[in-house]
Every structure is written in structure tokens, then in C-alpha cells.
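Colleague: There's a structure below that I have some questions on.
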Amino acid sequence: MEQITVIVETPKGSGHKYDYEPELNCFKLKKVLPAGLVFPFDFGFIPGTKGGDGDPLDVIVISEITTFPGCCMDCRVIGAIKVNQTERNGSTVRNDRYFVVPEVSTLFKDIRSLVQLPDEIVNQLESFFKNYNEQAGKKFEVLERVEAQEAYQMIKI
């Protein structure tokens, strides 16, 4: 499977959410998370893609590394969660989350598939996104988990 390039928007441990604003060519502070809620891993997007919400596809970078907004890295896809996200206005869109590992990671260097991650990591990530969306007045429903090859094909469509 080919590696993909990922751009980080919000770093691991951040209590703030950043979004890339293409019209401004910069990263903009989008929101402050509720007290105690932080991003468990770097969160970003795959440039040149488009998800159901109209934004580039979302990625969670499973790694021991903490980077910064705008950091580009080569990663391998290890899986995804298919997600329905219901917006505040009641409309529902697919807004999947892709799980990737940076090629430079040493701690996760042998992880090639979602099933190789401890279930607790995936469960915690699903809970994080449910809580994060609930705080924003949205509903986040996980439809299913998919393995690396299917996730990679979903990106390439």
C-alpha cells in the first residue's frame, strides 16, 4: 500500500481546535475545547481529498510524536471508522475518520492494521469524537470500523 501525505491541523494534547483556511492560506483557531478535553493524537487532513462534509478527509495520527499545525508527514493508512455526523441543523453527513501512522514512528512501526492497535485506543478515540461533537451540539455515530486496505480504497475513490 502506498503512503499518503497528511497535514496536521491540531496537535496531540491541544485543548484548542485549529482549521486550515485555504482562502487565507493559514491555520485559524476554531474553538476552545471544554476544560479537560484535549486531542489524544495529532488530528489533520489528507490534502486533495473531499469528505461528505465538504472538507478534506479527516485523519488521526497514531504516534508517540506531537507536532504542530501545518506539519506535513508521510503516513501509512491502518484503518478507519465510518461515521455519520448529524449537524446542529439536523442534516446528517458521512464524516469518516482515517487512522494513520507516520513512517518515522518507532513506537508504532510494526502497526499495519487497526486490529493490531489495542481495542482501548480505538474505543477511546471513538468516545473522544462522540464527546467532542456532543459539546458542539452534534451527534457522532460510528457505523463500522474498517481495516487498512478498505480504508485506503475509500481515500482513493
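Colleague: Report the residue count in the stretch 142-157 for those that are without any contact (Cβ under 8 Å) to a residue 24 or more places away in the chain and assigned to a helix (DSSP H, G or I).
Modeller: Going through the stretch 142-157 one residue at a time, the tally reaches 2.
Colleague: Which of the residues spanning the stretch 97-115 are open to solvent by less than 90 Å² (accessible area, probe 1.4 Å) and either without any contact (Cβ under 8 Å) to a residue 12 or more places away in the chain or in a helix (DSSP H, G or I) (or both)?
Modeller: Leu114
Colleague: Mind checking whether some residue in the stretch 126-141 is open to solvent by 60 Å² or more (accessible area, probe 1.4 Å), assigned to a strand (DSSP E or B), within 21 Å of Leu33 (Cα to Cα) and not acidic (Asp, Glu)?
Modeller: Yes, the stretch 126-141 contains a residue that is open to solvent by 60 Å² or more (accessible area, probe 1.4 Å), assigned to a strand (DSSP E or B), within 21 Å of Leu33 (Cα to Cα) and not acidic (Asp, Glu).
Colleague: Follow-up. State all residues of the stretch 33-44 that are free of Cβ contacts under 8 Å to residues at least 60 places away in the same chain and open to solvent by 20 Å² or more (accessible area, probe 1.4 Å); if no residue qualifies, say none.
Modeller: Ala35, Gly36, Val38
Colleague: A follow-up question, please. Determine whether Lys30 is without any contact (Cβ under 8 Å) to a residue 60 or more places away in the chain and in a strand (DSSP E or B). Please lay out each step first, then the result.
Modeller: Values: without any contact (Cβ under 8 Å) to a residue 60 or more places away in the chain: yes; in a strand (DSSP E or B): yes.
Yes; evaluated as a whole, the condition is true for this residue.
Colleague: Now for a different question. Within the stretch 32-53, how many residues are in contact with a helix residue (DSSP H, G or I) (Cβ under 9 Å, 6 or more places away or on another chain) and within 19 Å of Asn95 (Cβ to Cβ)?
Modeller: Going through the stretch 32-53 one residue at a time, the tally reaches 7.
Colleague: Given the options Thr66, Thr49, name the one that is of a type in the set (S, T, N, Q), at pLDDT below 95 and in a loop (DSSP other than H, G, I, E, B).
Modeller: Thr66
Colleague: Continuing with the same structure: Looking at this structure, is Ala80 at pLDDT 95 or above, on the phi < 0 side of the Ramachandran plot and touching a Ser or Thr at 6+ places or on another chain (Cβ under 8 Å)? Show your work before the answer.
Modeller: On the way: at pLDDT 95 or above: yes; on the phi < 0 side of the Ramachandran plot: yes; touching a Ser or Thr at 6+ places or on another chain (Cβ under 8 Å): no.
Here the answer is no, as Ala80 does not meet what is asked.
Colleague: Note down all Cβ pairs under 6 Å where the first residue falls in the stretch 71-82 and is crowded, with 21+ Cβ neighbours inside 10 Å, the second is among the hydroxyl-bearing types (Ser, Thr, Tyr), and they're at least six residues apart or on different chains.
Modeller: Val77/Tyr152; Ile78/Ser113; Ala80/Tyr98
Colleague: Can you confirm whether the stretch 3-23 contains a residue that is closer than 24 Å to Gly79 by Cα and of a type in the set (Lys, Arg)?
Modeller: yes
Colleague: Mind listing just one residue for me: the one in the stretch 69-96 that is out of contact with any Phe, Trp or Tyr (no Cβ under 7 Å at 6 or more places or on another chain) and assigned to a loop (DSSP other than H, G, I, E, B) and, of those, farthest from Val142 (Cα to Cα)?
Modeller: If we take residues in the stretch 69-96 being out of contact with any Phe, Trp or Tyr (no Cβ under 7 Å at 6 or more places or on another chain) and assigned to a loop (DSSP other than H, G, I, E, B), then Cys71 is farthest from Val142 (Cα to Cα).
Colleague: Additional query: Identify, from the list Glu64, Glu87, the residue that is surrounded by fewer than 20 Cβ atoms within 10 Å (Cβ to Cβ) and under 17 Å from Ile121 (Cα atoms).
Modeller: Result of the check over Glu64, Glu87: Glu64.
The values are calculated or read from the model by the stated rules, or taken from the named source; none is laboratory data. What you see is a predicted model, and the numbers here were worked out from it, not measured in a lab. Glycine also receives a Cβ, built like all others from the backbone with ideal geometry; neighbour counts cover every protein chain displayed. Protein only, heavy atoms only, side chains kept; ligands, DNA and RNA dropped before computing areas. Shrake-Rupley method; radii C 1.70, N 1.55, O 1.52, S 1.80 Å.
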